[in-house]
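Input: a single structure, listed below in structure tokens.
The values are calculated or read from the model by the stated rules, or taken from the named source; none is laboratory data. Computed from a predicted model, the values in this text were never measured in an experiment. Glycine also receives a Cβ, built like all others from the backbone with ideal geometry; neighbour counts cover every protein chain displayed. Side chains included, ligands, DNA and RNA excluded: accessible areas come from the protein's heavy atoms. Shrake-Rupley method; radii C 1.70, N 1.55, O 1.52, S 1.80 Å.
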Amino acid sequence: DEMKNNARQCLNFSIDCLSSENDLYRSLLEEKFASIEHVDGDCRSIDVKYFLENENGRQLLFEWVRRYGFNFEQSESMFEAMKNGKSGSMWQSVGTRLIASVQKDKIEIFEEREGDEEIIIESQNLRISESQNLRISESQQLSLSTYVKDADFKLIKDPKVAAQFDMDKIAFPLKLRHWKKGDRFKPLGMKGSKLLSDFFNDLGFSEYQKRNVWIMEDSNGLILWVVGYRINDKVKILDSTKVIFQCDLES
């Protein structure tokens, strides 16, 4: 009996040690991931080189993605995609709406959007010299205004700050939506039109950016603006422009 008690005590002690070691392991992992994980809105990402240059990179990748519902087989597939430079590969988390995507320089995890989000902008709410605020995300809003072009007018050239359009070239109501395959527009300064997918690739967009950037189009289906990036050359301000429709992008 004494031998059994000693064996039971030894077993319990071993279990306690293993449990403590596991707790320490998990705690150290949390600290590590907190220091290397980049958070942008609802997107979390880690540089690909961290996993590829670490001798335990394969295991660390699994420990990171399993927190978000991805399994071992998916983790192995992600690691191989990173190793082989397969940018754009994507996986759906088991039982959740999370997406993992391997990019050229990082792997990102983000929540898939529910349905097709749309925001409508009616012209009757845009009175001359008055502004209207429109929240488009948790961190961004648009300040919409219309005004007569006069001698004091200044063209804003930074697309991250604002977009200005010739009011007479726009058909209301306007629609804010997300990108869909086949979308095409004529970027400001270009002679011809371009697929938005090619435009995104030129800018080095990740899958998260492609899925979440807002597109503004008018009632004729003309894409006016890739919000925060470029307007359509067809609706730019000219010397002949009389009234301006302006969208200030505020964070």
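Helix 72-83 and the longest principal axis of the C-alpha atoms of the chain enclose an angle of approximately 60°. Enclosing the Cα atoms of the stretch 84-157 in their convex hull gives a volume equal to 166 cubic angstrom per residue. Counting only aspartates and glutamates at least 8 places from Lys175 when in the same chain, those with an alpha carbon closer than 13 Å to its own are Asp116, Glu117, Glu118, Glu122, Glu217, Asp218.
Note on Met190 and Asp202: the extension gain reaches 3.0 nm, defined as 0.36 nm multiplied by sequence separation minus the Cα-Cα distance. Between (1) 52, 48, 32; (2) 99, 37, 31; (3) 58, 41, 35, which entry matches Cα extents along the principal axes in Å as derived from the coordinates of this structure? Only one option fits the structure, namely (2). Along the stretch 162-172 the Karplus relation, 6.51 cos²θ - 1.76 cosθ + 1.60 evaluated at θ = phi - 60°, assigns HN-Hα couplings of 6, 10, 10, 10, 6, 4, 6, 9, 10, 9, 7 Hz to successive residues, with x for each Gly and Pro. Please check: in the Gaussian network model of the chain (C-alpha springs, under 10 Å), which one of Gly95, Gly221, Gly69 has the largest mean-square fluctuation. Of Gly95, Gly221, Gly69, the Gaussian network model singles out Gly95 as fluctuating most.
Taking a sphere under 10 Å around the Cβ of Ser45 and counting the other residues whose Cβ falls inside, with K and R at +1 and D and E at -1, yields a net charge of -3. Here the stretch 187-221 is scanned for amide nitrogen atoms under 18 Å from the site 7 Å beyond the Cα of Glu117 along Cα-to-Cβ, giving 206-217.
Ranked by accessible surface with a 1.4 Å probe, highest first, in what order do Met190, Met167, Met82 come? Don't jump to the answer; show the numbers that get you there.
Details: Met190 70, Met167 40, Met82 10 Å².
Largest to smallest exposure gives the sequence Met190, Met167, Met82.
Of the heavy-atom accessible surface of the stretch 152-251 (probe 1.4 angstrom), what whole percent is carbon and sulfur? Walk me through the numbers before you get to the answer.
Working: 2420 of 4970 Å².
Exposed carbon and sulfur together represent 49 percent of the surface.
Where only DSSP H runs of four or more residues are counted, the chain gives -9500 deg cm²/dmol as its mean residue ellipticity at 222 nm, each run worth -39500 (n - 2.57). Pairs to check: Lys157/Lys180; Lys49/Lys86; Lys169/Lys242; Lys32/Lys83. Give those whose C-alpha atoms are more than 18 Å from each other in this structure. Violating the 18 Å Cα-Cα cut-off are Lys157/Lys180; Lys32/Lys83.
When only DSSP loop residues count, what chymotrypsin sites (Phe, Trp or Tyr not before Pro) in the stretch 108-200 have their Cβ near at most 15 other Cβ atoms within 10 Å?
On the way: sites: Phe110, Tyr147, Phe153, Phe165, Trp179, Phe185, Phe199, Phe200; in loops: Phe153, Trp179.
In loop regions of the stretch 108-200 (DSSP not H, G, I, E or B), the sparsely surrounded chymotrypsin sites (Phe, Trp or Tyr not before Pro) are Phe153.
The simple spin-label model puts a point 7 Å past each Cα toward its Cβ; for Asn84 and Ser240 those points are separated by 5.5 nm. Rounded to the nearest whole angstrom, the semi-axes of the ellipsoid equivalent to the stretch 153-204, taken from the Cα gyration tensor as √(5λ), stand at 21, 16, 12, largest first.
A crude spin-label estimate for the pair Asn220 and Lys154, with each label 7 Å from Cα along the Cβ direction, gives 3.2 nm.
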